[in-house]
Amino acid sequence: MRYVPLDTPKPISKIGLGTWQFGSREWGYGPDFEQRAAQIVRRALDLGVTLFDTAEIYGFGRSERILGAALGDDRAKVVVASKIFPVLPLAPVVQQRAVASAARLGVAGLDLYQVHQPNPVVADTTTMRGMRALQDVGLVGEVGVSNYGLRRWRFAEAALGRRVLSNQVRYSMVDRGPEKDLIPYAEQAGRIVIAYSPLGQGFLSGRYDARNPPTGAVRRANPYFLPENLERGTELIATLREVADAHDATPSQIALAYLLRHPNVVAIPGASGVEQMERNAAAAEIDLADDEYAALVTAAHAFRPITGLAAVPKLIRARTGR
């Protein structure tokens, strides 16, 4: 395992574990998943993973409980990260919700506490006042945000009066927006971009095509899995396969290695089983050659999916079968 080259109290692994699926029915996992989740977490620890990310909204607290129980006595050794869902994120509310998350996780403090979404009407001034109080009493180590643009990330940091260590955003080879400003800022300022959905919710795995679309509510709501987009992604997947063959790897591992080439980027893919966790962790060890990275960049830029409002009627037809 490799780690982010920053001065943090605990090392932050380049591959973390995202736990949205822990306790969340929308991912379609069966009743045995709680036991399987514990196995995934224990294997992640064996592999040197130190970043475990959850949120109070995941399974309405179940993800935090499952993760805390699975970590057990190792909770103090790793970076336990959670997120507040910012409904009325006033300072007292932020403090109360952090206490509740820590209790569900079974930890004395949250190593990283993040604002899950920017609130459109509540300024970060009051939210960060609550975060600062949590840091002052030792309940929160580092503060982070999620889904913030660069301007608001920097404003949040000014409001906190300390570093806002991380910004957790959607970032993958098919969602490259963070490359424009967030990643350059992170590298210049000594901050971290945490990439969620780093495999495009499985689009980059090569498992799906127009004749074999995914099942499950989350993926069926993602426009990338429209038949037209799966067809448009053929060349991108072919490039991933070509590079993967050269490294005796999988397309998913190469897609992760593409992100991890940035020193201040961490990826937090989920895992439905121990083997997937092992493959994800191994991606941190892959070094892409310059020409391989250039080929991946070219293929990623050539992918032009149907998204936004143009995708809505197609998604409705795909869901209704009409």
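For the reader, a short list of remarks on this structure follows.
- For the chain, the mean residue ellipticity at 222 nm estimated from helices alone is -12500 deg cm²/dmol, where every DSSP H run of n ≥ 4 contributes -39500 (n - 2.57) and the total is divided by all residues, rounded to the nearest 500.
- Three-way shape label, the chain, alpha-carbon gyration tensor, a/c 1.5: rounded
- Calculated accessible area for the chain comes out at 44 Å² per residue, all protein chains present (probe 1.4 Å; ligands, DNA, RNA ignored).
- Amide H to amide H, with H built 1.01 Å from N, Tyr3 comes under 5 Å of Lys14, counting only residues 5 or more places away or on other chains.
- Cα-based convex hull, the range 52-96, per residue volume (Å³, whole number): 77 Å³
- Put a dot 7 Å past the Cα of Ser272, heading toward its Cβ, do the same for Arg36, and the two dots end up 0.7 nm apart.
- Rg/Rg_globular for the range 233-292, with Rg_globular taken as 2.2 N^0.38 Å and Rg from C-alpha atoms: 1.09
- Ranked order, Phe60, Phe85, Phe52, Phe155 - accessible area, probe 1.4 Å, largest first: Phe60, Phe155, Phe85, Phe52
- Accessible carbon and sulfur surface of the chain relative to its total accessible area, %, 1.4 Å: 52 percent
- For Asn264, nonlocal amide neighbours, meaning residues 5 or more places apart or on other chains whose placed amide H falls under 5 Å from its own, do not occur.
- Panel values: the range 63-197, Kirkwood radius from alpha carbon pairs, Stokes-Einstein at 25 °C and 0.890 mPa s, translational diffusion coefficient 162 µm²/s.
- Built amide H within the under 5 Å cut-off of Ile192, gap 5+: Ser166, Asn167
- The equivalent ellipsoid that matches the C-alpha gyration tensor of the range 166-288 spans semi-axes of 24, 17, 14 angstrom, in descending order.
- The range 123-128 - phi-based ³J(HN,Hα) in whole Hz, Karplus 6.51/-1.76/1.60, Gly and Pro as x: 5, 5, 4, 6, 4, 6
- For the range 142-157, Karplus couplings with θ = phi - 60° (6.51, -1.76, 1.60), whole Hz, Gly/Pro x: 10, 9, x, 10, 8, 6, 9, x, 4, 4, 6, 4, 5, 5, 4, 5
- Whole-Hz couplings from phi, Karplus 6.51/-1.76/1.60, listed for the range 251-266; x for Gly and Pro: x, 4, 5, 5, 4, 6, 4, 4, 6, 6, 4, 7, x, 9, 10, 10
- One equal scatterer on each Cα of the range 39-136, no solvent, Debye formula: the resulting log10 I(q)/I(0) at q = 0.15, 0.22 Å⁻¹ is -0.57, -1.07.
The values are calculated or read from the model by the stated rules, or taken from the named source; none is laboratory data. Just so it is clear, the structure is predicted and the values come from calculations on it, not from any experiment. Glycine also receives a Cβ, built like all others from the backbone with ideal geometry; neighbour counts cover every protein chain displayed. Surface accessibility is based on the protein's heavy atoms, side chains included, excluding ligands, DNA and RNA. Shrake-Rupley method; radii C 1.70, N 1.55, O 1.52, S 1.80 Å.
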